[in-house]
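One structure is given below, encoded as C-alpha cells.
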Amino acid sequence: MPVPVDEVTGHDWYLLLLAAFAGKVSVLDDTTMSYRLHGANSSDQKPVSMMKYAGSSGKLDRVRAGMTWRRRQAAAVLAQLDGTIDEQGRALIEAFVSLPKRGALTRRWTLLANRILYPDLPRNLAMFAGA
C-alpha cells in the first residue's frame with residue numbers, strides 16, 4: 001500500500017500502527033535481531049530521567065510536537081485502512097486523533113483509558129502536562 005510520506009514520522013511507529021489496527025501486535029521476549037549503536041546512527045537511545053526533563057527547557061514542547069505528529073500519522077493510517085479496520089480499532093484511532101478537540105480532563109482520561117503511553121514515567125508526565 002502506498003505510504004503517506006508527508007504524514008509518516010518514523011517507519012517503525014507507522015508499521016506498528018498498521019499492524020495494530022489491521023491485525024494483532026504481540027510482545028516477544030526473545031531477541032530476534034541485533035541492534036548496534038554506532039557513531040553513524042541517525043538516532044540514539046538516550047536515557048530518560050526525571051532530572052533531565054525537570055532541568056531542560058523545551059522538553060514539554062518536544063513531547064507536544066511529537067504527539068501532534070503521531071496524531072497526524074494515526075489519521076493517515078485510519079485513512080489507509082478505511083473499511084478494513086474493526087469498530088474498536090477505529091474508535092481508538094479516532095479518540096487519539098481528536099484529542100485536541102477535547103477538554104483537558106477528557107484528553108488525559110482518553111490517554112490513560114486507552115493506554116496511549118510512553119514506556120517511561122518522565123515522558124508520560126510531560127505528555128499529561130501538555131495534554
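Provide, as a two-decimal number, the C-alpha radius of gyration of the stretch 70-122 over 2.2 N^0.38 Å, N being how many residues it has. Working shown, then result.
Working: Rg = 11.8 Å, N = 53, 2.2 N^0.38 = 9.9 Å.
Normalised by 2.2 N^0.38 Å, the Cα Rg of the stretch 70-122 equals 1.18.
Straightening the chain between Ala79 and Ser26 buys 16.7 nm, computed as 0.36 nm per residue apart minus the Cα-Cα spacing.
Each value in this text was obtained by applying a stated rule to the coordinates, not by laboratory testing. Everything numeric here is computed off the predicted structure, so don't read it as measured data.
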